[in-house]
Amino acid sequence: MQSGFRIRPYRETDLPALRRMLQGLQEAECIMDSSRAHWADGAAAYTDWMLEEVGANSGAVFMADSTDGSAIGMVSCWRAEDPTDITVTPDSRVHLYVSDIFVVETWRGQNVAAGLLEAAERHGRTLGLAQMTIGLLAVNHAAKRAYEKSGFHDYEVFLRKRL
């Protein structure tokens, strides 16, 4: 166990906690950007879709638990391929995509996200992948700092203009 928490694979009994975390992630993003949708179903539809993607694409979900067994974080990831991107080398078209990561507020800044990203990275290596990708809202500076601490760096930037 790391400092007060452990990382482990997702279990079906984690579904309620996973839905709460994904709802929390979405609501936090709603505060950051008005184009994000509020989910009336408590993230059920998104969670089901995400778990299907994990199952269909050699993915994994990892949970972080505190020493008392409470779920305090999650990460989901899967093998992704961009076969139509002829601007990059063929091996660069395949990567481990980190779809979602969430840490409950009271545990932020305590390396839980780093532990979750390490678990995802290990999973990617078991798949023989050489790179992993993650996205975030541009205004989420705290997440960007956490990802940079875990070795991520800017690769491609998308800009948006509202019409």
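Laid out as a table, the results:
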quantity	calculated
Among the residues listed as A56, A40, A28, A80, the single one being of a type in the set (G, A, S) and either touching a strand residue (DSSP E or B) at 6+ places or on another chain (Cβ under 6 Å) or buried (at least 17 other Cβ atoms within 10 Å of the Cβ) (or both)	A80
Any chance G4 is touching a Ser or Thr at 6+ places or on another chain (Cβ under 9 Å) and more than 25 Å from L96 (Cα to Cα)	yes
All positions within segment 150-163 that are farther than 16 Å from A64 by Cβ and surrounded by 11 or more Cβ atoms within 10 Å (Cβ to Cβ)	G151, F152
Out of T126, T87, T133, T106, sole residue that is polar (S, T, N, Q), closer than 14 Å to F62 by Cβ and surrounded by fewer than 18 Cβ atoms within 10 Å (Cβ to Cβ)	T126
Test: residue in segment 50-65 that is on the phi > 0 side of the Ramachandran plot and either modelled with pLDDT of 95 or more or within 12 Å of the chain's Cα centre (by Cα) (or both)	yes
Residue list for segment 135-148, restricted to those being touching a Leu at 6+ places or on another chain (Cβ under 9 Å) and part of a helix (DSSP H, G or I)	A143, K144, A146, Y147
Pairs with Cβ under 8 Å, 6+ apart, first in segment 149-163 and closer than 14 Å to H95 by Cβ, second among the hydroxyl-bearing types (S, T, Y) and not in a loop (DSSP other than H, G, I, E, B)	Y155/T133
Number of the condition not met by S70 [criteria: (1) surrounded by 14 or more Cβ atoms within 10 Å (Cβ to Cβ); (2) more than 23 Å from L137 (Cβ to Cβ); (3) out of contact with any strand residue (DSSP E or B) (no Cβ under 7 Å at 6 or more places or on another chain); (4) among the small types (G, A, S)]	(1)
Test: residue in segment 12-20 that is of a type outside the set (A, V, I, L, M), touching a strand residue (DSSP E or B) at 6+ places or on another chain (Cβ under 7 Å) and surrounded by 11 or more Cβ atoms within 10 Å (Cβ to Cβ)	yes
Pairs with Cβ under 8 Å, 6+ apart, first in segment 46-70 and within 23 Å of W107 (Cβ to Cβ) and assigned to a strand (DSSP E or B), second modelled with pLDDT under 95 and among the small types (G, A, S)	S66/G4
From the options G69, G73, residue that is touching a Phe, Trp or Tyr at 6+ places or on another chain (Cβ under 8 Å), over 30 Å from K161 (Cα atoms), modelled with pLDDT of 90 or more and of a type outside the set (A, V, I, L, M)	G73
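The values are calculated or read from the model by the stated rules, or taken from the named source; none is laboratory data. Computed from a predicted structure; not experimentally measured. Quick reminder, even Gly has a Cβ in these numbers, built from the backbone with ideal geometry, and neighbours come from all protein chains shown.
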